[in-house]
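The values are calculated or read from the model by the stated rules, or taken from the named source; none is laboratory data. Predicted, not measured: the structure shown is a model, and the values here were computed from it. Here the Cβ positions follow ideal geometry from the backbone for every residue, glycine too, while neighbour counts run over all protein chains shown.
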Amino acid sequence: MKAMILAAGLGTRMRPLTDHTPKPLLEAGGKPLIVWHIENLVRDGFTDIVINTAWLGEKLEAALGDGAALGARIRWSHEGEPLETAGGIIRALPLLGTQPFLVVNGDIWLRHDCAPLRTRFAHMQKLAHLVLVNNPDHNQGGDFSLQGPVFAGIECTLRADGEPRFTFSGLSVLHPQLFAGLENGKRALAPLLRAAIAEGQVTGEYFSGPWVDVGTPQRLAELDAKIRAGAI
């Protein structure tokens, strides 16, 4: 199974840190956020990785190259202008192929064992499988609900409403058919997921953490402190 790291965001909320540095190259615990992802993916058997870029993408490619130094094979999908999540994935589909692939947001930090996702969903029939986490302070209303008893790592049908609600972690396995018939261009992922959920084509699972949405300089500093203290 291939993996894609979404790294094309402008990093607006992280300014001034991102004025001259792409957000995925910001460091926590002495290591760029995107390197945490690549090392974790390679550890879990994902060595064929696609990364999309927009803002300062040339710096990302200069820093990571073809990925060989990290044990990966990196291929790049340069967008120029950010195409949002679904638009970036659609543009990268020729590199991702026709089989399900793992996707992770470049601006999160988590310690999740992705190897089971690779084995469980290599031939999945649904359109998507999402990993959900507890709601952080900045998203207390959550995004989606899991139908049935919620236990870590247990696959459940996903619902767009109901209680309890959880936050989408930014880690998922997607089937290329989720994007069937859609043309290149700027497009959000959430509407596609909600339409697929309504058709019973999405599953999910609960992940208890650790997980951090590194969306502001303060959250980055807090994450850095926790990693260095061995608290996460």
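Over 17 Å from the mean Cα position of the chain (by Cα) and more than 30 Å from ALA229 (Cβ to Cβ): which single residue out of ARG91, ARG73, ARG15 fits that description? Lay out the reasoning, then the answer.
Numbers: ARG91 fails: over 17 Å from the mean Cα position of the chain (by Cα); ARG15 fails: more than 30 Å from ALA229 (Cβ to Cβ).
Selected residue: ARG73, the only one of ARG91, ARG73, ARG15 that is over 17 Å from the mean Cα position of the chain (by Cα) and more than 30 Å from ALA229 (Cβ to Cβ).
Go over the candidates ARG91, ARG118 one by one and state the one that is assigned to a helix (DSSP H, G or I), in contact (Cβ under 8 Å) with a residue 40 or more places away in the chain, more than 29 Å from ASP19 (Cβ to Cβ) and among the charged types (D, E, K, R).
Numbers: ARG91 fails: more than 29 Å from ASP19 (Cβ to Cβ).
Step by step, each of ARG91, ARG118 is checked, and only ARG118 is assigned to a helix (DSSP H, G or I), in contact (Cβ under 8 Å) with a residue 40 or more places away in the chain, more than 29 Å from ASP19 (Cβ to Cβ) and among the charged types (D, E, K, R).
Taking ARG165 and the conditions (1) modelled with pLDDT under 95; (2) loosely packed, with under 14 Cβ neighbours inside 10 Å, which numbered condition does it fall short on, given that it satisfies the others?
(2)
What pairs come up if the first residue lies in the range 53-81 and is touching a residue at least 24 places away in the same chain (Cβ under 8 Å) and farther than 17 Å from THR12 by Cβ, the second is among the charged types (D, E, K, R) and in a strand (DSSP E or B), and their beta carbons are under 9 Å apart, counting only those six or more places apart or on different chains?
If the second residue must be among the charged types (D, E, K, R) and in a strand (DSSP E or B), the pairs left are GLY67/ARG73; GLY67/ARG75; ALA72/ASP48; ARG73/ASP48; ILE74/ASP48; ARG75/ASP48.
Give the residue, chosen from GLY65, GLY45, GLY71, that is out of contact with any strand residue (DSSP E or B) (no Cβ under 6 Å at 6 or more places or on another chain), closer than 15 Å to VAL103 by Cα, surrounded by fewer than 18 Cβ atoms within 10 Å (Cβ to Cβ) and modelled with pLDDT of 95 or more.
Of the residues listed, the single one that is out of contact with any strand residue (DSSP E or B) (no Cβ under 6 Å at 6 or more places or on another chain), closer than 15 Å to VAL103 by Cα, surrounded by fewer than 18 Cβ atoms within 10 Å (Cβ to Cβ) and modelled with pLDDT of 95 or more is GLY45.
Sort out which residues of the range 41-73 are under 21 Å from ILE89 (Cα atoms) and in a helix (DSSP H, G or I), and write them in order of number.
Within the range 41-73, LEU41, VAL42, GLY57, GLU58, LYS59, LEU60, GLU61, LEU64 qualify.
Would you confirm whether any residue within the range 169-178 is among the β-branched types (Val, Ile, Thr) and in a loop (DSSP other than H, G, I, E, B)?
The answer is no, given that none of the residues of the range 169-178 is among the β-branched types (Val, Ile, Thr) and in a loop (DSSP other than H, G, I, E, B).
Can you name the number of the only condition in (1) within 29 Å of ARG228 (Cα to Cα); (2) surrounded by fewer than 16 Cβ atoms within 10 Å (Cβ to Cβ) that GLN99 fails?
That leaves (1) as the condition not met.
Any chance the range 47-70 includes a residue that's closer than 21 Å to LEU132 by Cβ and touching a Leu at 6+ places or on another chain (Cβ under 9 Å)?
Residues of the range 47-70 that are closer than 21 Å to LEU132 by Cβ, as a first pass: none.
Checking the range 47-70: not a single residue is closer than 21 Å to LEU132 by Cβ and touching a Leu at 6+ places or on another chain (Cβ under 9 Å).
For the range 71-111, what are the residues that are among the β-branched types (Val, Ile, Thr) and over 17 Å from HIS129 (Cα atoms)?
ILE74, ILE90, ILE108 - these are the residues of the range 71-111 that are among the β-branched types (Val, Ile, Thr) and over 17 Å from HIS129 (Cα atoms).
Here is a list: TRP109, TRP36, TRP76. Which entry is among the aromatic types (Phe, Trp, Tyr), in a helix (DSSP H, G or I), at negative phi and modelled with pLDDT of 95 or more?
TRP36
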